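Written out below as structure tokens is the structure these notes cover.
The values are calculated or read from the model by the stated rules, or taken from the named source; none is laboratory data. None of the values given here were measured: they were computed from a predicted structure. Cβ placement follows ideal geometry from the backbone for every residue including glycine, while neighbour counts extend to all protein chains displayed. Note: areas computed on protein heavy atoms with side chains; ligands, DNA, RNA excluded. Shrake-Rupley method; radii C 1.70, N 1.55, O 1.52, S 1.80 Å.
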Amino acid sequence: MAIVCFALLATDGWNSWQARKDQLGQMSVAASNLARAMAQQADDAIKKADTVLVGMVERVEHDGTDPVAVARLRKVLAMRVAELPQFDGLHIYDKDGNWVANSRPTQPENLNNADREYFVFHRAHGDRGPHIGIPVRSRTTGKLLVPVSRRINHADGSFAGVALATIDIDFFMKFYDSLDIGQAGAVGLVLETGTMMTRRPYTPEMVGRNMLDTELFRTYLAQRPVGMAYIRSAQDGVTRLNSFRRLDNFPLF
């Protein structure tokens, strides 16, 4: 009887362990698929923004910023924002950070963005590629935005200003809200420099948070571009199975 009981307990234990293993395997696949979908959505949104920026920079560098050119440019920017739902706005700044043109119906007055992180970056770096900046709060609408920008040059290569596309954080959150992540699940988009762009569950305080000292960020650096690990969240203390993936074209995960 003892042998039979032991065999039954061993069989039950084995079945339970195997069921847990299978469940964890399914969870790993599901988490990996979610990370892949999120990376693709963010990559596509930023790529579309950058494609528009390339055209904006070429137009300004070729046509200049006289009143006629600016009037035509404003119409083009407004059309682009109407076509692409992720855009909050498109903007052109001169070398001093003053608005030259934007996609809004009216031109803001007496506003200067020379202190913004993206503007400081382009003024100090000659790199002509796209720059994804830290989240900013719009000075005209109050919305939290993800800035994507490119440098504008004079003919001699000197700094002439910045072309900026802003993506509303709500664009990402609407997609994240459509994902089935369970009652205690969480998803986030993070710059490789360690800044949290946005997260579900969402609180405005999480946007722009420094993640450099978190276990999640350290684990990502050790496993990137793709990885998986059990990590206790620095935000809410919940231990989760984490799957992370770097975007194909931009420095975020």
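Name the shape class, rounded, prolate or oblate, that the alpha-carbon gyration tensor gives for segment 191-241, where a ≥ b ≥ c are the square roots of its eigenvalues, rounded holds for a/c under 1.5, and otherwise prolate holds if a/b is larger than b/c and oblate otherwise. Since a/c reaches 1.5 but b/c is at least a/b, the shape of segment 191-241 is classed as oblate.
In whole percent, how big is the carbon plus sulfur part of the accessible area of the chain, probe 1.4 Å, protein atoms only? Mind showing how you got there, number by number?
Working: 7460 of 13550 Å².
Carbon and sulfur together cover 55 percent of it.
If you filter segment 42-124 for GluC sites (Glu not before Pro), then keep DSSP loop positions with at most 13 other Cβ within 10 Å, what is left? Here the sparse-neighbourhood loop sites are 109. The shape of segment 133-220 comes out prolate: with a ≥ b ≥ c from the C-alpha gyration tensor, a/c is at least 1.5 and a/b beats b/c. Dipole size of the chain about its Cα centre, with +1 on Lys/Arg Cβ and -1 on Asp/Glu Cβ: approximately 180 debye, rounded to the nearest 20. At a Förster radius of 45 Å, what calculated FRET efficiency corresponds to the Cβ-Cβ distance of residue 141 and residue 212, to the nearest 0.05? Efficiency, rounded to the nearest 0.05: 0.90. Rounded to the nearest 20 debye, the dipole size of segment 150-253 about its Cα centre is 220 debye, using +1 on the Cβ of Lys and Arg and -1 on the Cβ of Asp and Glu. Shown here is the pair-distance distribution of the chain: with all Cα-Cα distances grouped in 5 Å bins from zero up to the longest one, the shares run 1, 6, 12, 15, 15, 13, 10, 8, 6, 4, 3, 2, 2, 1, 1, 1, 1, 0, 0, 0 percent. Ordering 249, 231, 217 by Cα displacement along the dipole of segment 205-252 toward the positive end leaves 249 in first place; charges were set at the Cβ atoms of Lys, Arg (+1) and Asp, Glu (-1). The aspartates and glutamates whose alpha-carbon is closer than 12 Å to the alpha-carbon of residue 143, local same-chain residues fewer than 8 away aside, are 88, 168, 170.
Which value, in debye to the nearest 20, describes the size of the charge dipole of segment 60-121 about its Cα centre when Lys and Arg Cβ atoms bear +1, Asp and Glu Cβ atoms bear -1, and nothing else is charged? Display every interim value, and only then the final one.
On the way: 7 positive and 10 negative charges, 52 e Å.
Around 260 debye, computed over segment 60-121.
Comparing mean-square fluctuations of 175, 217, 87 from a GNM of the chain with C-alpha springs under 10 Å, the top value falls on 175. Once backbone amide H atoms are built at 1.01 Å from N, residue 100 has 92, 93, 94 as its partners under 5 Å, excluding neighbours fewer than 5 places away on the same chain. For segment 86-99, 3J(HN,Hα) computed residue by residue from phi via the Karplus equation (6.51, -1.76, 1.60; θ = phi - 60°) reads 6, 6, 8, x, 10, 9, 10, 10, 7, 5, 9, x, 8, 5 Hz, glycine and proline entered as x. Under the classification rounded if a/c is under 1.5, otherwise prolate if a/b is larger than b/c and oblate if not, where does segment 93-172 fall, given a ≥ b ≥ c as square roots of the Cα gyration tensor eigenvalues? It comes out oblate by the Cα gyration axes. Structure remark: mean-square fluctuation, Gaussian network model of the chain, C-alpha springs under 10 Å; the largest value among 203, 65, 166 belongs to 203.
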